Structure formats: structure tokens, C-alpha cells
Amino acid sequence: MKTYFSLKGILNPVENTEPQPRTPRDMLLDDIRKTQCALEIAYSGFDNVTDPDLIDCYIYEVNSALKRYRFLLQQAEQMQLYEEYHMDSPECYDSKSLVEQPIT
């Protein structure tokens, strides 16, 4: 798995004079980002170790991060942070069904 580093936040910190109250949505999105980062670090560590004990350690770490990531995605789904427009919904089709429409 590839690891990406960004120095944007380190080199150009955003100065915020008034701290905004954090909403549960913001906290959940931050947790998802942190878990993605932890997952990348675990995969990177797994790719770079050769000791069997460390390999086992990183396997557990990857599994732990994956379970946390799935849990957070389920929470986001319950909070309806996912895309609300589904292709299965009737709004994405015309009022006539596809069978009834003439082929032009």
C-alpha cells in the first residue's frame, strides 16, 4: 500500500482566532481521517519488517485499524454522511420505464 505524506498543514498552518464548536459530524470525519492514516502506517510497517513477531504485530494492527474503519463508516452511514442519491432510487430514472421508451 502506498503511503502519502503532506507537508501542507505543517508548512502553512491555518491560524484560527476563534475555535469553532466541533460537531459530531466533524469529530467523526476527523476520526475517519486518523484511522485512514493509522491504516497506512500499519500497512507500511508490515511491508518493511522481516521479524516474525513484528509481522504478527502489524497483522493485528492492520486488522484493528480495518475494524475501526468499518465501524466509523457504519457510524457515518447512520448519520447519513454518505451520498444520499442512490442509483437504485426511482428519482434517477424517467417517469416512463426503460422498456416503454422507444428506441431512437
Nearest-20 debye value, the stretch 22-81 charge dipole, Cβ charges on Lys, Arg, Asp, Glu: 420 debye
Gain upon complete extension [residue 22, residue 80; 0.36 nm per residue less C-alpha separation]: 19.1 nm
Exposure proxy ranking, count of Cβ atoms within 10 Å, fewest first, for 23, 50: 50, 23
Span per principal axis, largest first, for the Cα atoms of the stretch 22-81 (Å): 42, 17, 12
Rough spin-label spacing in nm, given labels placed 7 Å along Cα→Cβ, for residue 47 and residue 70: 2.3 nm
Whole-Hz ³J(HN,Hα) from phi, Karplus 6.51 cos²θ - 1.76 cosθ + 1.60, for the stretch 36-49, glycine and proline x: 4, 5, 4, 5, 4, 5, 5, 5, 5, x, 4, 5, 10, 9
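Quick note: the coordinates plus some simple rules give every number you see, no bench work behind them. This structure is a prediction, so every number in the text was calculated from the model and none was measured. Neighbour counts run over all protein chains shown; Cβ positions are idealised from the backbone, glycine included.
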